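Here is the structure we will look at.
The values are calculated or read from the model by the stated rules, or taken from the named source; none is laboratory data. Remember, it's a predicted structure, so these values are computed and weren't measured experimentally. Cβ atoms come from the backbone with ideal geometry, glycine included; neighbour counts cover every protein chain shown.
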Amino acid sequence: MICKENENHTFRFPSAKSPEDRTFYGYINPERITAFEHGAENVMTGTLGRWITLSVVLIFCLFSTVAGCSLRPYRVNQEWTTQGKGIRALLVVPAEVGIYQVSPGETTQLRRDWSEKGRLNLDHAILQGFRFRHYRVKLLKAEGEIDREIRRILPLFRAVNKSIQLHTYGPQVFPDKITHFDYSLGSLKGLLEKFQCDAMVLARGFGEVSKGPGKTYMSLALADSSGNILWYSVKGSRGGHDLRDSGSAENLVDALLSDFSEAGR
């Protein structure tokens, strides 16, 4: 199939609800996330103990196989080994990115300018990352009916993204959810056929900028025409990456995709 490449796009999310809402690796303060999901741009947080507890549990999960935790950084559907070999053209949905400024006293404010820059950098890095792996890619441009379809898909991906991280990475890990990785977004056939692509790529990015080491992480999923997520992974760091910097975003995506060929081909 042919998938024409195009990086020119204009995409705007309707509210502050779109930034990342996960607690993976313990990088993100869960109270701050709750406020993000309700559209708050300024929040005060004070339950440091709760955050530390989650951090310990989640980081421990990264380095152990206790209670079903997996050392493998990615998750794959059982169909990936067969379907993955036939996927050559990818339709990339513009990433949802939220970057926040943390002031003394733990006051947190969404920076829309930083978030937009981070989104552009992450989109470019994802396109480059898959091109390097010999995929044909197209960045979806949200216009008219396409925009409405994207707005249908993104809330589903947020919910599925949260469930994947909670139940296959921690802290509430269900081992069966890892061995039988089965998550779906509903049919994507219409969009994929329209743009002559084999699968869809969705991503989310999050960053916190403060006087100390910043926190950055991203998640990425690849779904087939039925909406089944065939491949999923996450990557993050404390002070190691900054989505506002194009080179840093490329390094983060490259690190996340380092296991991609191992899983699929």
Point to revise | Pair list, Cβ < 7 Å and 6+ apart or interchain, from segment 72-84 residues that are in contact (Cβ under 8 Å) with a residue 40 or more places away in the chain to residues that are in a helix (DSSP H, G or I) and among the charged types (D, E, K, R) | key: P73/D259; Y74/D259
Check your understanding: Any residue in segment 149-163 that is modelled with pLDDT of 95 or more, polar (S, T, N, Q) and either within 16 Å of A95 (Cα to Cα) or out of contact with any helix residue (DSSP H, G or I) (no Cβ under 9 Å at 6 or more places or on another chain) (or both)?
Key -> yes
Point to revise | Yes/no for L156 being in contact (Cβ under 8 Å) with a residue 12 or more places away in the chain, among the hydrophobic types (A, V, I, L, M, F, W, C), in contact with a strand residue (DSSP E or B) (Cβ under 8 Å, 6 or more places away or on another chain) and over 24 Å from R72 (Cα atoms) | key: no
Point to revise | Per-region count, segment 94-107, residues within 21 Å of the chain's Cα centre (by Cα) and either surrounded by fewer than 24 Cβ atoms within 10 Å (Cβ to Cβ) or without any contact (Cβ under 8 Å) to a residue 12 or more places away in the chain (or both) | key: 2
Check your understanding: What number of residues in segment 92-124 are over 23 Å from L188 (Cα atoms) and outside any loop (DSSP other than H, G, I, E, B)?
Key -> 19
Check your understanding: So G227 fits all but one of (1) within 17 Å of the chain's Cα centre (by Cα); (2) surrounded by fewer than 24 Cβ atoms within 10 Å (Cβ to Cβ); (3) over 19 Å from K138 (Cα atoms); what number is the exception?
Key -> (3)
Practice item. All but one of (1) closer than 30 Å to R111 by Cα; (2) charged (D, E, K, R); (3) crowded, with 21+ Cβ neighbours inside 10 Å hold for E250, so report the exception by its number. Key: (3)
Practice item. Residue by residue through segment 217-236, note down the ones that are free of Cβ contacts under 8 Å to residues at least 40 places away in the same chain and either within 30 Å of P104 (Cα to Cα) or assigned to a loop (DSSP other than H, G, I, E, B) (or both). Key: S225
